[in-house]
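Worksheet: one structure, shown below.
Values quoted throughout were computed directly from the atomic coordinates according to the rules given, and no laboratory measurement underlies them. Computed from a prediction, not measured in an experiment: that's the story for all the values here. Counting neighbours? That spans all protein chains shown, and the Cβs are built from the backbone with ideal geometry, glycine included.
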Amino acid sequence: MFELLGIPPQVLMGQLLLGLINGSFYAVLSLGLAVIFGLLNIINFSHGALYMMGAFASWMLLNYIGIGYWPALILAPLIVGAFGVVLERLLLNKLYHLDHLYGLLLTFGLALILQGVFRNYYGISGMPYQIPESLSGGQNLGFMFLPNYRAWVIVASVVVCFGTWFVIEKTRLGAYLRAGTENPVLVGAFGINVPLMITLTYGFGVALAGFAGVLAAPIYSVNPNMGADLIIVVFAVVVIGGMGSILGAIITGFGLGIVEGLTRVFYPEGSAVVIFVIMAIVLLIKPEGLFGRAA
Amino acid sequence: MLKKLTLGTAFAALAAGGAFAADIDVKLGVLNDRSGIYSDIAGEGSVIAARLAVEDFKAAEKGINVEIVSADHQNKPDVGSNIARQWYDQDGVTAIVDVPTSSVALAVAGITAEANGVFLASGPGSTGVTREQCRPTTIHWTYDTAALANGTGKAVTLAGGKKWFFLTADYAFGHSLQNNTASVVEANGGEVVGSVNVPFPANDFSSFLLQAQGSGADVIGLANAGGDTINAIKQAAEFGITQAGQKLAGLLIFINDVHALGTQTAQGLQMTSAFYWDRDDTTRAFSERFEAERGSKPNMITAGVYGAVTHYLAAVEATGTTEGETVTAWMKANPADDKLFGKVTIRGDGRAIHDMYLFEVKTPAESTGEWDLLKTISTISGEEAFLPMLPECDFSAK
């Protein structure tokens, strides 16, 4: 059937795989957004900038103190997460009783400031960051050459996504989190420190963005605009999946990566907008998103 | 305070008593990308280059008061047009400088002609600037896509890269670069086996690279620039495309891009440029001054801004006016002996003719410093590099 459109099946397989890889980034980023929105009700527009910070953190760790990729994979998200905790304590926690719009504007402004600062110091061309030795090279799958590093990106993303979903939906800690956002007073009465829990949740969501940034650093050049280019797409993913739905974020993240990849084969010029077309259609038919609960 | 004032007046009187009775006010508007994908290539660097040109020309001593203003066109033709209009109509700008991103440059060229200003184009690549959309008041100084094609495209084809596949940035510049290169490839016995239009700007090139790989081409031509080129080259290395025997031809690569990629990834890549900082003592001296302010070596766009502004000031000095058609006519009639580009003549259509160079990126072993990145392969004469003039674009007779 696909051969009728002039695309041999093995090329299609390759494109599906590439779509999955891009989808990994969408999934990890939109997961962070979904966690933050679902549990804190903050539309975190600075997510892209924090993703960029993750990439820069790993670049800085390597170039300033000689810490390589693997430790950076743990350290950079911790650094970005800690930064997120500071943000939450200093700024965001003043906004919880206000309309969503305030959080959106604040985080949008933060994103612009962060990007501006990094652009001022590091320029726009980006910084080189090599693929770690142990993951260089690749496998010939017959239909395509799969770089080891990209395979690792898929594995790491799936593990992180599944782990997060499991913690929030299936564990006691996750139950506290969900309960704490539903009724903070009641949960607080059971002796649980709700504000701390919220702060740590924001820190965790932000650390997910940082993690995606470290994963991205060796593939894309580490540059201040990398988050800005991605964030709009990721928001579209979150909207399509349903704001705040963890599972929705993961599944639509991977799914839309694949859709975008296929568009690149059949109609490359449309690949930049296909996600927004889907978003428009979904919003018309099911405004709460594919996996969202009707408000 | 009073002392300073009298001193100032004395100097002003001295200057006025020189070659000219009346002072001339020149206002240069440096219009380029200050925050987006091309802001490292041009951006503040072009403003610095323009300022260095004004200083070196000693404009103040010659009775020319130069003011430099700058703005961000955000790579959007509508934004660029609005700024250009305001500059000419309200702010008294006499010449607009740089303007990378061909779509914006073409809009600015039209507005400049209407306002009878001067457009000193260094940043844009489209040949349309001096061909399909030629204007009497445009001077296209540094390079164009035809010159790039005649450099890299020809060299790679003659070296055996016969079958080409293009990854093309989907806007005026990318298409212009692809068309020019395709004709050079075909003229030299090669063929184009396919192309794909990549939305601009793009992060992920893997899908497109895979299509290029599947096409069976010898050479993948990158008809894009800046961050797009960097990502494409980086990802081509990752997907083992060059190891598998396909060659990459970066059709527009700046020294900043090579610097960002590092010699490890970029080694062996061939590129065409009008300027390299390490060519002779003069270029090295200029580049050192530039680097002290900018933090990076100048590239061909910023070097071109320096040359174009210098020649423009010479024209203003000689003609005693800033009126566009008069100034550009003088610039076309009088060749420049440019510090950075060597001998530069300007044709009737506004195309500046000078040598271009084919470079190859050094290997990590060959490179001795952070900016020691290129070695010269060959010199391409101006006549060979640029397209001939369209008869209807010859504005020199006026």
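Values for this structure:
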read-out: In nm, spacing of pseudo-spin labels at B:ALA318 and A:VAL185 (7 Å Cα→C-beta vector); value: 8.4
read-out: Gyration tensor (alpha-carbon) shape descriptor, region A:248-295, a/c threshold 1.5; value: oblate
read-out: Peptide-level mean, for A:216-228, of C-beta atoms on other protein chains within 10 Å; value: 4
read-out: Average projection area in nm² (convex hull over Cα atoms of the protein assembly as shown, one quarter of hull surface); value: 35.4
read-out: For peptides A:213-222, B:375-384, A:155-164, sequence by mean Cβ density within 10 Å, most packed first; value: A:213-222, A:155-164, B:375-384
read-out: Dimensionless Rg/Rh of region A:127-208 - Kirkwood Rh, Rg from C-alpha atoms; value: 1.24
read-out: Computed FRET value (nearest 0.05) for B:ALA187 with A:ASN63, which takes r as the C-beta separation and R₀ as 60 Å; value: 0.85
read-out: Label-point gap, in nm, between A:LEU173 and A:LEU141 - each point 7 angstrom along Cα→Cβ; value: 3.3
read-out: Mean separation of Cα contacts under 8 Å, 6 or more apart, over the residue count of chain A: relative contact order %; value: 37
read-out: Cα→Cβ-extended label distance, 7 Å offset, between B:ASN82 and A:LEU98, nm; value: 2.7
read-out: CD proxy at 222 nm, helix term only [per DSSP H run n ≥ 4: -39500 (n - 2.57); per residue of chain B; nearest 500]; value: -12500 deg cm²/dmol
read-out: Positive-end residue of B:ILE380, B:PRO391, B:ASN188, charge dipole of chain B with Cβ unit charges; value: B:ILE380
read-out: Rounded if a/c under 1.5, otherwise prolate or oblate - region A:187-295, Cα gyration tensor axes; value: oblate
read-out: Added length on full extension, which subtracts the Cα-Cα distance from 0.36 nm per residue, B:ARG279 to B:SER381; value: 35.1 nm
read-out: With Cα atoms, 0 to 90° folded angle of helix A:148-170 axis to chain A main axis; value: 30
read-out: Value of D in µm² per second that Stokes-Einstein yields for chain B, Kirkwood Rh from Cα pairs, at 25 °C (0.890 mPa s); value: 115
read-out: Leading residue at positive end of dipole, chain B (Cβ point charges), from B:PHE275, B:GLN246, B:GLY342; value: B:GLY342
read-out: Under-5 Å amide H pairs with B:ILE377, H placed in peptide plane, nonlocal only; value: B:LEU358, B:PHE359, B:GLU360
read-out: Estimated FRET transfer efficiency when R0 is 35 angstrom, pair A:VAL159-A:ALA82 (beta carbons, to 0.05); value: 0.95
read-out: Computed FRET value (nearest 0.05) for B:ASN334 with B:GLU114, which takes r as the C-beta separation and R₀ as 30 Å; value: 0.75
read-out: Per-residue Cβ neighbour rank within 10 angstrom, fewest leading, B:ASP23, B:ASP98, B:ASP257; value: B:ASP23, B:ASP257, B:ASP98
read-out: Dipole magnitude of region B:197-306, debye to nearest 20 (Cβ charges: Lys/Arg +1, Asp/Glu -1, about Cα centre); value: 40
read-out: Selection from A:LEU177, B:SER102, B:THR138, by position along the positive dipole direction of the protein assembly as shown (Cβ); value: A:LEU177
read-out: Region B:47-155 shape via C-alpha gyration tensor axes, a/c threshold 1.5; value: oblate
read-out: Debye intensity ratio I(q)/I(0), log10, region A:82-221, q values 0.13, 0.14, 0.15 Å⁻¹ (C-alpha model); value: -0.81, -0.90, -0.98
read-out: Net dipole in debye of chain B [+1 Lys, Arg Cβ; -1 Asp, Glu Cβ; about Cα centre; nearest 20]; value: 220
read-out: For residues of A:16-23, the mean tally of beta carbons on other chains within 10 Å; value: 2
read-out: Relative contact order, percent, region B:47-111 [alpha-carbon distance under 8 Å, six or more residues apart]; value: 30
read-out: Relative packing of B:300-306, B:198-204, B:58-64, which averages over residues the other C-beta atoms within 10 Å, highest first; value: B:300-306, B:198-204, B:58-64
read-out: Translational diffusion coefficient (Stokes-Einstein; Kirkwood radius from C-alpha pairs) of chain A at 37 °C, 0.692 mPa s, in µm²/s; value: 166
read-out: Amide H contacts of B:GLY221 (H built 1.01 Å from N, under 5 Å, at least 5 apart or other chain); value: B:PHE165, B:PHE166, B:LEU167, B:ALA249
read-out: Relative contact order of region A:1-144, defined on C-alpha pairs under 8 angstrom at six or more residues apart (%); value: 33
read-out: Over 20 Å (Cα to Cα) - which of B:LYS162/B:LYS375; B:LYS154/B:LYS339; B:LYS76/B:LYS234; B:LYS27/B:LYS58; B:LYS27/B:LYS62; B:LYS163/B:LYS362 fall in this group; value: B:LYS162/B:LYS375; B:LYS154/B:LYS339; B:LYS76/B:LYS234; B:LYS163/B:LYS362
read-out: MRE, 222 nm, helices only [DSSP H, n ≥ 4, -39500 (n - 2.57), over chain A, to nearest 500]; value: -24000 deg cm²/dmol
